[in-house]
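The values are calculated or read from the model by the stated rules, or taken from the named source; none is laboratory data. Please read these numbers as outputs of a predicted model, since none were measured by experiment. Quick reminder, even Gly has a Cβ in these numbers, built from the backbone with ideal geometry, and neighbours come from all protein chains shown. Accessible surface areas use protein heavy atoms only, side chains included; no ligands, DNA or RNA. Shrake-Rupley method; radii C 1.70, N 1.55, O 1.52, S 1.80 Å.
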Amino acid sequence: MDPQHRIWLECALEALEDASCDPRQFNGRIGVFTGVGGSAYQSQWPNADESDYHLAIGSDKDFVATRTSYKLGLTGPSLTVQTACSTSLVAVHLACRHLLSMECDAAIAGAASVSIPFETGYRFREGMILSPDGVCRPFDSRANGTVPADGVGAVVLKRLSDAIEN
């Protein structure tokens, strides 16, 4: 399994636990809205090829949301989101829209990105997206680029009335 899938699954389960939202006892549908970075994980297996079904399912970014629903027994919508640097924010937006339209009663939203093989640093090139000084300053007038990083984040969302009630 791609480490991004694994770390996302771990974080999603922990988010559900922190929200006291047990999928086996939850009265409603829990949706999944997530994405992971592009994967070089499958290339780490020299004897594997594109026809290796289990490796493809376990490492391709397109399967992360449905795999999460399957592994955690969730029955709501399951959408894999890919929007480059804004994947987790768009996942949260989509989760909110699905909650408001009553397509699910709770939702896990977020994303994961883990570089394989692990590398540190980068070479700055003028005119490219990476920051020349290694600092990311979102929403700042001094913003001048982004910085690559590894991480995972997940949040469990409910409609306010349901969250107050439970």
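Here are the numbers for this structure:
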quantity: The stretch 45-136: chymotrypsin sites (Phe, Trp or Tyr not before Pro) in DSSP coil with no more than 15 other Cβ atoms inside 10 Å; calculated: PHE118, TYR122, PHE124
quantity: Trypsin sites (Lys or Arg not before Pro) within the stretch 60-164, DSSP loop, no more than 13 other Cβ atoms inside 10 Å; calculated: ARG123, ARG125, ARG142
quantity: Max mean-square fluctuation residue, GNM over the chain, Cα-Cα springs under 10 Å, options ASP60, ASP133, ASP18; calculated: ASP133
quantity: 222 nm mean residue ellipticity, helices alone, for the chain (DSSP H n ≥ 4; -39,500 (n - 2.57); rounded to 500); calculated: -9500 deg cm²/dmol
quantity: HN-Hα J in Hz across the stretch 14-27 - Karplus 6.51, -1.76, 1.60, θ = phi - 60°, x for Gly and Pro; calculated: 5, 4, 4, 4, 4, 8, 6, 10, 7, x, 6, 10, 6, 8
quantity: Hydrodynamic radius of the stretch 20-166 per Kirkwood, over alpha carbon pairs, in Å; calculated: 17.4 Å
quantity: Unit charges at the beta carbon, dipole of the chain: most positive-side option, LEU130, LEU160, SER69; calculated: LEU160
quantity: Solvent-accessible surface ranking, highest first, for THR66, THR83, THR120, THR34 at 1.4 angstrom; calculated: THR120, THR66, THR83, THR34
quantity: Sum of side-chain charges, SER115 neighbourhood, beta-carbon under 13 Å (Lys, Arg +1; Asp, Glu -1); calculated: -3
quantity: Simple Cβ-charge dipole of the stretch 1-156, Lys/Arg +1 and Asp/Glu -1, about Cα centre, in debye nearest 20; calculated: 320 debye
quantity: Extreme residue, positive dipole direction of the stretch 1-130, given options GLY37, ALA84, PHE118 (C-beta unit charges); calculated: ALA84
quantity: Max mean-square fluctuation residue, GNM over the chain, Cα-Cα springs under 10 Å, options ALA15, ALA149, ALA109; calculated: ALA149
quantity: Gyration tensor verdict on the stretch 93-166 (Cα atoms; rounded if a/c is under 1.5, prolate if a/b is larger than b/c, oblate otherwise); calculated: prolate
